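To start, the structure under review is shown below, and the notes come after it.
The values are calculated or read from the model by the stated rules, or taken from the named source; none is laboratory data. Source: prediction; values computed, not measured. With ideal geometry, Cβ positions are generated from the backbone for all residues, glycine too; neighbour counts draw on all protein chains shown.
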Amino acid sequence: MNQNYLYLLIDLLCIVFPFIASFYRKAPFYKKWRYLSIAIGLPAVLFIIWDEIFTALGIWGFNPNYVTGFRIESLPIEEILFFICVPYACVFTYFALRYFIQKDLTLPYQNVVSFIAILLLLIAGIYHFEKLYTTVTFISLSFLLAYLTFKVRAPYLGHFYLTFGLIMIPFLLVNGILTGSFIQEEIVWYNNTANLGFRIGTIPIEDFFYAMLMLLSNISIFEWLELKSSRGSMLVDKSVSAMS
């Protein structure tokens with residue numbers, strides 16, 4: 001295989017099984033696509049802008065040996081697809097997990113986990129303020145968790161944490177390859193002056209929290225749209241009952 005297609009192949013492999021499984025008759029995820037398109041699309045715009053800025057600043061970049069060469073501004077088309085394929089796979093995993101494990105065993109602990117994460121991320125983000133990737137990622141995730149925990153009081157955070165723990169297995173493989181594991185060079189390179197310089201294998205520690213920020217954004221919008229739809233359906237049902 002031409003190595004210039006490697007990043008594209010990774011994107012496609014991330015989405016192919018979740019896409020096929022979306023048509024499972026007992027849990028038809030494809031019926032959620034109208035919510036999913038928004039839940040993926042809105043964060044994708046923000047993350048692509050962030051990506052473009054950081055690429056222009058030299059905080060990270062892309063190895064031309066592993067991409068096809070098609071670009072939108074500074075970003076390879078494969079990087080744009082990343083913000084569609086990976087969130088699709090992860091929201092599908094979240095949906096599937098909620099289908100198979102309906103009782104949330106983590107509910108009693110989710111606020112404690114969230115509070116500890118909020119505090120530690122905020123402290124680390126402020127302390128390492130000179131490291132742009134670290135501070136932007138940590139503080140953004142801290143604020144989003146705080147909003148969902150204290151303002152929204154999101155009941156699904158426990159399920160999210162469980163899902164995130166589960167997807168760490170494919171994450172380590174996919175991000176490992178992107179950052180240079182199992183191949184001669186990295187697909188995505190990082191300027192270590194903008195991060196903590198601590199890696200798990202070849203993966204910068206910030207990538208784990210970057211992934212959490214992106215996926216929590218997807219899932220929180222997905223959940224909000226579903227809740228809004230269900231409330232609308234209830235109001236319609238009540239109106240019909242009243243007219244009867």
Pairing a residue in segment 21-42 that is aromatic (Phe, Trp, Tyr) with any residue that is surrounded by 13 or more Cβ atoms within 10 Å (Cβ to Cβ) and in a loop (DSSP other than H, G, I, E, B), where Cβ atoms lie under 9 Å and the two sit 6 or more apart in sequence or on different chains, gives PHE29/SER22; TYR30/SER22; TRP33/SER22
Counting only residues in segment 28-67 that are part of a helix (DSSP H, G or I) and of a type in the set (Val, Ile, Thr), the one farthest from ILE77 (Cα to Cα) is identified as ILE38
Q) Scanning for something out of contact with any strand residue (DSSP E or B) (no Cβ under 8 Å at 6 or more places or on another chain), within 14 Å of VAL91 (Cα to Cα), without any contact (Cβ under 8 Å) to a residue 40 or more places away in the chain and surrounded by fewer than 16 Cβ atoms within 10 Å (Cβ to Cβ), does segment 46-61 turn up at least one residue? A) no
Going residue by residue through segment 16-37, is there one that turns out to be hydroxyl-bearing (Ser, Thr, Tyr) and under 24 Å from VAL136 (Cβ atoms)? no
Flagged pairs (Cβ under 9 angstrom, 6 or more apart or on separate chains; first in segment 62-78, under 14 Å from VAL188 (Cβ atoms); second assigned to a helix (DSSP H, G or I) and among the small types (Gly, Ala, Ser)) are SER74/ALA56
Condition set of a type in the set (D, E, K, R), modelled with pLDDT of 95 or more and outside any helix (DSSP H, G or I), scope segment 100-152, selection farthest from the chain's Cα centre (by Cα): answer is GLU130
Inside segment 182-201, the number of residues satisfying the requirement of being more than 21 Å from the chain's Cα centre (by Cα) and of a type in the set (Ser, Thr, Tyr) is 1
In the set LEU172, LEU215, the lone residue that is touching a residue at least 60 places away in the same chain (Cβ under 8 Å), of a type outside the set (S, T, N, Q) and closer than 30 Å to THR68 by Cβ is LEU215
Taking segment 1-27 and keeping residues in contact with a helix residue (DSSP H, G or I) (Cβ under 6 Å, 6 or more places away or on another chain) and in a loop (DSSP other than H, G, I, E, B) leaves SER22, PHE23, ALA27
